[in-house]
Amino acid sequence: TNRVLDPSGTSTAGWSGVYQFDHVEVGTTAPDAGSTFIKLFRAGGFGSVSARLAADSGVSPGDKLSFTLRARNGATRAGVRFLDGSGALVGDVWGPTTAAPSFPSWADIASGVITAPPRAAQAFPMVEGMALNSGQSWWEVDSFLFYDNPHGIPVPYFDGGSTLTGYTIVWRGAVNGSASTRTPLQPSDPGSVIWRAGVSGLEFLRPLLQ
């Protein structure tokens, strides 16, 4: 399941500031996924800016989660904010910072596997643009994928409008406003447990574990 409610950035709804955040806008020039992406604006000056996304947020302590996205025009990192059942902050966990190229290219950003801490009841994906230059008030992000990852297996981006051979992918509710699920078309196919020559261990295990 992709927990992000608007994975390809079609709307400004659902974003909230974490640090030095001003606002977001929807961009349409050379997106990574679909026809739109998100521009995040810093509140004056230069430095970093971070925000969190709306997502299907329910978790339990010990759950393993991963968050990936694409970014450009500024070094970026992905993270997860954990809240308790009352909405109080439990803690933030960030992945490594990755240099993102300038327009029109995109870079892969990944949090790695993050474990929900004690007292965690909610989890929200976060993005941070690091060390934006003086005079640069925004940077750009797209293709958000926030998913349960108990086995540490990378998953390619998908949303409810995606097509992927061997899977049915649907929105759980509103288009571009709900989580997306990916279901194998033949989960009991005996061929899925045959490790064929030339297939890496990672590719062999991915459909079995997701």
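Bear in mind these aren't lab numbers, they're just calculated from the coordinates by the rules spelled out. Keep in mind that what you see is a predicted model, and the values were worked out from it rather than measured. Counting neighbours? That spans all protein chains shown, and the Cβs are built from the backbone with ideal geometry, glycine included.
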ask   = Around ARG172, which amide H atoms from residues at least 5 apart in sequence, or from another chain, sit under 5 Å from its own amide H, with H modelled in the peptide plane?
value = ALA179, SER180, THR181
ask   = What are the residues whose amide H is under 5 Å from the amide H of GLY112, where those residues sit 5 or more places off or on another chain and H is modelled from the backbone?
value = PHE67
Gain upon complete extension [ASP22, SER86; 0.36 nm per residue less C-alpha separation] = 20.4 nm
ask   = Which distance in Å, rounded to a whole number, links the C-alpha centroids of the range 3-46 and the range 99-126?
value = 14 Å
request  = In whole Hz, with x marking every Gly and Pro, tabulate ³J(HN,Hα) for the range 110-124 from phi via Karplus 6.51 cos²θ - 1.76 cosθ + 1.60, θ = phi - 60°.
outcome  = 9, 7, x, 8, 10, 9, 5, x, x, 6, 5, 10, 9, 9, 10
inquiry  = Taking the Cα centre as origin and putting +1 on Lys and Arg beta-carbons and -1 on Asp and Glu beta-carbons, what dipole magnitude results for the chain, to the nearest 20 debye?
reply    = 160 debye
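At 0.36 nm per residue, minus the direct Cα-Cα distance, what do GLN186 and THR168 gain on full extension? Give it in nm, one decimal, please. Before the final figure, lay out each step's value.
On the way: separation 18, 0.36 × 18 = 6.48 nm, distance 1.00 nm.
Extra length available between GLN186 and THR168 comes to 5.5 nm.
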query = With the dipole of the chain worked out from charges on the C-beta (+1 for Lys and Arg, -1 for Asp and Glu) around the Cα centre, which of GLY198, PRO156, VAL80 lies farthest toward the positive end?
reply = GLY198
task = Please sort 107-118, 138-149, 12-23 by packing, taking for each peptide the average over its residues of neighbouring beta carbons within 10 angstrom, highest first.
result = 138-149, 107-118, 12-23
query = Check GLY27: other-chain or 5+ apart residues with amide H under 5 Å from its amide H, H built from backbone geometry?
reply = PHE37, ILE38, LYS39
message = Under 20 °C and 1.002 mPa s, how fast does the range 75-152 diffuse according to Stokes-Einstein, given a Kirkwood radius computed over C-alpha pairs? Answer in µm²/s, whole number.
response = 153 µm²/s
remark   = Of the candidate values (i) 9, 33, 35, 18, 4, 1; (ii) 7, 25, 20, 16, 13, 10, 6, 2, 0; (iii) 7, 25, 23, 18, 15, 9, 2, 0, the one computed for P(r) over Cα pairs in 10 Å bins from 0, in percent from this structure is (i)
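In the neighborhood of ALA100, defined by Cβ-to-Cβ distances under 12 Å, what is the net charge if each Lys or Arg adds +1 and each Asp or Glu adds -1? List each step's numbers first, then the result.
Numbers: positive: ARG70, ARG72, ARG77; negative: ASP32, ASP108, GLU128, GLU140, ASP142.
Local net charge: -2.
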query = How large is ³J(HN,Hα), in whole Hz, for each residue of the range 3-10 in order, when computed from phi with the Karplus curve 6.51 cos²θ - 1.76 cosθ + 1.60 and θ = phi - 60°, using x for Gly and Pro?
reply = 6, 5, 7, 9, x, 9, x, 8
task = Enumerate the calculated ³J(HN,Hα) couplings along the range 151-168 in order (Karplus 6.51 cos²θ - 1.76 cosθ + 1.60, θ = phi - 60°), each rounded to whole Hz, writing x wherever the residue is Gly or Pro.
result = 9, x, 9, x, 10, x, 4, 8, 9, x, x, 6, 10, 8, 3, x, 9, 9
request  = Multiply the residue separation of THR97 and VAL113 by 0.36 nm, subtract the distance between their alpha-carbon atoms, and state the gained length in nm to one decimal.
outcome  = 4.3 nm
